[in-house]
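Below you'll find the structure, written out as structure tokens, and then a few comments.
The values are calculated or read from the model by the stated rules, or taken from the named source; none is laboratory data. Note that the structure is a prediction, hence the values are computed from the model and not measured. Cβ atoms come from the backbone with ideal geometry, glycine included; neighbour counts cover every protein chain shown. Each accessible area value is taken on the protein alone, full model and side chains, heavy atoms only, with ligands, DNA and RNA left out. Shrake-Rupley method; radii C 1.70, N 1.55, O 1.52, S 1.80 Å.
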Amino acid sequence: MSVRTSTPAPRRAPADDVGAGDESSPALRRAGDPAPSAPGPRSGRRDWRKALEITVLVGPALVVFLGFVIFPVVMAGYYGFFRWKGYGPPTDFIGLQNYATIFQDPTFHEALWHNVVIVVMSLVLQGPIALLLALLLNRPMRGQSAIRVLIFVPYVIAEVVVGTGWSLMLQSDGALNGLLEKVGLGALAEDWLSNPALAIWTLLAIITWKYIGFAVILFLAGLQGIPQELTEAAQIDGASYWQIQRRITLPLLGPTLRIWAFLSIIGSLQLFDLVYIIWGQYIASTAGTSTMATYMVANGRNAGNYGYGNAVAVVLFVISLVVALVYQRYVLRRDTAGALTERSER
């Protein structure tokens with residue numbers, strides 16, 4: 001009697017050992033399956049079309065950015081090394097003398113301090129007021145749309161119109177002092193624009209009135225993105241209105257608040273138009289409302305020293321860039337990191 005023996009079939013190598021996920025691996029390809037084809041002309045045509053689309057869409061924006069942002073900054077840095085009157089090629093090379101004069105000028109130090117005050121007080125004044133208005137307008141009420149429009153209107157009015165109107169109303173014989181005298185409060189009438197003790201606060205009041213509408217609309221947009229289920233669950237658990245705002249609304253509104261603060265800081269550092277229109281090029285320095293931008297115009301273009309003005313512009317650009325990078329690194333980092341993490345998970 002013959003004994004039938006069977007030879008065990010060879011064990012198939014695991015996917016991890018032989019090119020896992022690689023369909024072109026001979027070990028994973030069954031007998032009779034056709035070999036994967038090499039990339040054909042259609043794949044190359046798709047890649048070429050994708051590259052063309054990217055070039056067409058990004059090219060114009062890149063050209064505009066290079067021509068109107070990068071190139072002027074480079075040229076400003078170049079002209080800052082010369083004593084240049086604004087016409088003809090610069091030939092009087094003075095190296096870093098313009099920059100040394102900037103940092104040694106007490107007038108520039110005063111202007112820089114005014115910018116710092118405007119940055120801090122804009123956040124302190126506009127932030128809480130805008131947040132309270134946004135919370136109020138986020139609740140159902142009559143005339144809600146009209147109130148939103150009225151709050152946002154000052155933001156869309158041109159700075160020239162705003163500056164001219166406020167400069168007329170705040171003069172010594174302007175509408176504000178006239179109104180105070182009409183209602184029997186003439187003792188409160190002040191020289192709101194020329195008094196150094198009041199001028200900076202007058203500027204802050206105008207800035208708050210002008211730009212608070214943008215903050216309110218931005219906060220309202222953030223509030224609309226907070227799920228209603230969270231507040232309803234907190235109400236069921238017995239939380240009060242202010243506890244809900246402190247524990248739920250403010251943490252979830254954090255990214256919007258930080259973005260608004262970033263925009264407010266950069267705008268305050270570059271403030272020019274309102275100060276120049278209301279106070280003018282000379283009164284701004286004596287009234288205590290000068291900024292780095294007004295200093296640049298007064299000591300550069302108006303003084304006929306365009307090389308020095310370009311050097312001030314470079315200093316202003318570097319300060320704004322450093323503040324923006326530091327803010328993004330230490331404040332906006334978790335917002336951007338969360339967005340990138342969510343995108344990668346998707």
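On the stretch given as region 178-194, residues that are over 19 Å from ALA287 (Cα atoms), open to solvent by less than 60 Å² (accessible area, probe 1.4 Å) and at pLDDT 90 or above total 2.
Any residue in region 47-73 that is touching a residue at least 40 places away in the same chain (Cβ under 8 Å) sitting within a Cβ distance under 9 Å of a residue that is assigned to a helix (DSSP H, G or I)? List the pairs, counting only those 6 or more apart or interchain. Partner pairs satisfying both residue conditions: VAL73/ALA313; VAL73/VAL314; VAL73/PHE317.
When region 299-333 is filtered for residues that are more than 19 Å from TYR99 (Cα to Cα) and not polar (S, T, N, Q), the ones remaining, listed by number, are VAL323, ALA324, LEU325, VAL326, TYR327, ARG329, TYR330, VAL331, LEU332, ARG333. Summed over region 197-214, residues that are touching a Gly at 6+ places or on another chain (Cβ under 7 Å) and either loosely packed, with under 14 Cβ neighbours inside 10 Å or more than 29 Å from SER285 (Cα to Cα) (or both) total 0. State whether one or more residues within region 77-90 are in contact with a strand residue (DSSP E or B) (Cβ under 7 Å, 6 or more places away or on another chain), at pLDDT below 90 and either open to solvent by 80 Å² or more (accessible area, probe 1.4 Å) or not hydroxyl-bearing (Ser, Thr, Tyr) (or both). Yes: region 77-90 contains one or more residues that are in contact with a strand residue (DSSP E or B) (Cβ under 7 Å, 6 or more places away or on another chain), at pLDDT below 90 and either open to solvent by 80 Å² or more (accessible area, probe 1.4 Å) or not hydroxyl-bearing (Ser, Thr, Tyr) (or both).
A single member of MET292, MET296 is closer than 20 Å to ILE102 by Cβ, buried (at least 16 other Cβ atoms within 10 Å of the Cβ) and touching a His at 6+ places or on another chain (Cβ under 9 Å), and it is MET292.
Among the candidates ARG329, ARG333, the residue that is of a type in the set (Lys, Arg), at pLDDT 90 or above and either closer than 16 Å to LEU271 by Cβ or loosely packed, with under 15 Cβ neighbours inside 10 Å (or both) is uniquely ARG329. Scan region 91-107 for residues that are open to solvent by 70 Å² or more (accessible area, probe 1.4 Å) and not in a loop (DSSP other than H, G, I, E, B) and the total you get is 5.
Yes/no matrix, rows are residues, columns are (1) of a type outside the set (A, V, I, L, M, F, W, C); (2) outside any helix (DSSP H, G or I):
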| site | (1), (2) |
| --- | --- |
| ARG49 | yes, no |
| PRO60 | yes, no |
| PHE71 | no, no |
| TYR78 | yes, no |
| LYS85 | yes, yes |
| HIS109 | yes, no |
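In the set (1) hydroxyl-bearing (Ser, Thr, Tyr); (2) closer than 20 Å to SER194 by Cα; (3) touching a helix residue (DSSP H, G or I) at 6+ places or on another chain (Cβ under 9 Å), SER172 fails one condition alone, (3). Any residue that is closer than 26 Å to SER172 by Cβ, among the aromatic types (Phe, Trp, Tyr) and either assigned to a helix (DSSP H, G or I) or in contact with a Ser or Thr (Cβ under 9 Å, 6 or more places away or on another chain) (or both) - is there at least one of those in region 250-273? Yes; the residues of region 250-273 include at least one that is closer than 26 Å to SER172 by Cβ, among the aromatic types (Phe, Trp, Tyr) and either assigned to a helix (DSSP H, G or I) or in contact with a Ser or Thr (Cβ under 9 Å, 6 or more places away or on another chain) (or both).
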